[in-house]
Structures are given as C-alpha cells and as structure tokens.
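Inspection log for the structure reproduced underneath, given as structure tokens.
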Amino acid sequence: ILPFKFLALKSNLIITDTHTHLYSEEFDQDRNEMIQRSIDAGVTRFFIPAIDSSCTEAMYDLEKNYPDHVFLMMGLHPTYVKDNYLEELEHVENELAKRKFYAIGEIGIDLYWDKTHLPQQQIAFRTQIQWAKKYKLPIVIHCREAFDEIFEILEEEKSPELFGIFHCFSGTYEQALRAISYNMKLGIGGVNSFAKHILFVIFNVTLFIMECSKC
Ligand SMILES: [Zn+2]
C-alpha cells in the first residue's frame, strides 16, 4: 500500500480499488480499521461487486457507512448460479430498477468449480449483459476456465454500448486482444500478475487496471 500512499501524496491522483468485496464476513473483525487504513493511504474509492441476494443488505450497510467512498455494483456471480438462479436474477432485476448502481457485476462464467450449471450460467450472463445495455452500465466479468464460452456470448451481444472490465484477467495475449476488441479493459490481479504470460500481456497492451481482489 506504500506506493499508493506515495502516489496519492505526490499528486492529485484518485486511487480506486476497482474490485473489492469489503462486505465479506472475513472482514467482520476489522472492516472499519482496514477501510480507514486504505483511505489514509490514498485509496479513496472502492467499487464493490455483488455475489448473490444474500450479500445485498451488507452492501447497502457498507454504502451507508462510507457514502463518499463506496460505489456499489449489482449482479449474480457465476459460481452462485444454482437451481434457484431465476429467483436470484429477479432479485438483481428488481434492485437495478430501484436505485443507482455503478456497474453490473460480477457476472460471467466459471467452469473451474462446477460445470453442471453451464447452461444456467450462460443464460444468467447473457441476461445481465442485456440489463447493462438497458441501464448503460459497464459490466465486470468473472471468467475462470471459460474464455471460449464468454467470448461466444460477447460476440453475440457486442455493441458500442457494451463495455466493462475483464476482472482478474488470466488469458493469453490473443485472448487479451479479443477481450479489448469487445470494449473491455483487463483487470490484472496481484495473484496472477507474476505469471509470465500475464507479464507479456501487461507489456503489450495498454488497457489494463490493477486489482487486489482474488475472487
Ligand atoms: Zn470478486
């Protein structure tokens, strides 16, 4: 966090954490201290991706406590697409209609943990992309072992109005160029930024964003 502090103090830069699940139970013990440390170090904006309906109240609480720093997204995370996914999508749709969000996320396809809900994940991803177009919001994509499946849907849904971030990008140089061709920026997380092929992507593309989240 020291380089952030140096950058923030030496310039008028606003440093933004573009992907952080600050409402997670893991942070219940020291959430406020942690957020204050970040703000003191110059990281003053937190973009908060949703997971499923069970986290909505905690997200709203976080926003109430840090109204100048917290910017909420709304969406159904692909690893939480289960048999009740239509109810979960309805929740997302209702919340989107109710109030302002800053992105639809995180959404996408994850075939690492479980492939059994792939058809449902595809429907959820496509549906939420269509809501992003409707509300003119960026999307935040979660992609794990699913580049082909994600690109298939982006190819069908691509449009000048569709844009966003490929969160925690882990693909090849060719996949990076393809993602960028769909108006996506690449999120480079700390976890994978040491992989050689990601360093190659970083040095060869310009549209990337540094992230610290791992989920
Ligand atoms: Zn996440």
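The numbers here are math on the coordinates, done by the rules we state, and not lab data. Remember, predicted model here, so these are calculated numbers, not experimental data. Cβ placement follows ideal geometry from the backbone for every residue including glycine, while neighbour counts extend to all protein chains displayed.
Other residues within the sphere of radius under 14 Å centred on the Cβ of residue 160, judged by their own Cβ, net out at +1 (K and R +1, D and E -1). At an R0 of 30 angstrom, the distance between the Cβ atoms of residue 12 and residue 152 translates into a FRET efficiency of 0.10. Karplus-based coupling profile of the range 39-50, in residue order and whole Hz: 4, 4, 7, x, 8, 10, 10, 10, 9, 10, x, 7, with θ = phi - 60° in 6.51 cos²θ - 1.76 cosθ + 1.60 and x standing for Gly or Pro. Taking each of 133/185; 82/158; 82/134; 82/136 in turn, the alpha-carbon distance tops 19 angstrom for 82/158; 82/134; 82/136.
Taking the range 95-137 and a reference point 7 angstrom along Cα→Cβ of residue 64, the backbone N atoms nearer than 19 Å belong to 95-96, 98-101.
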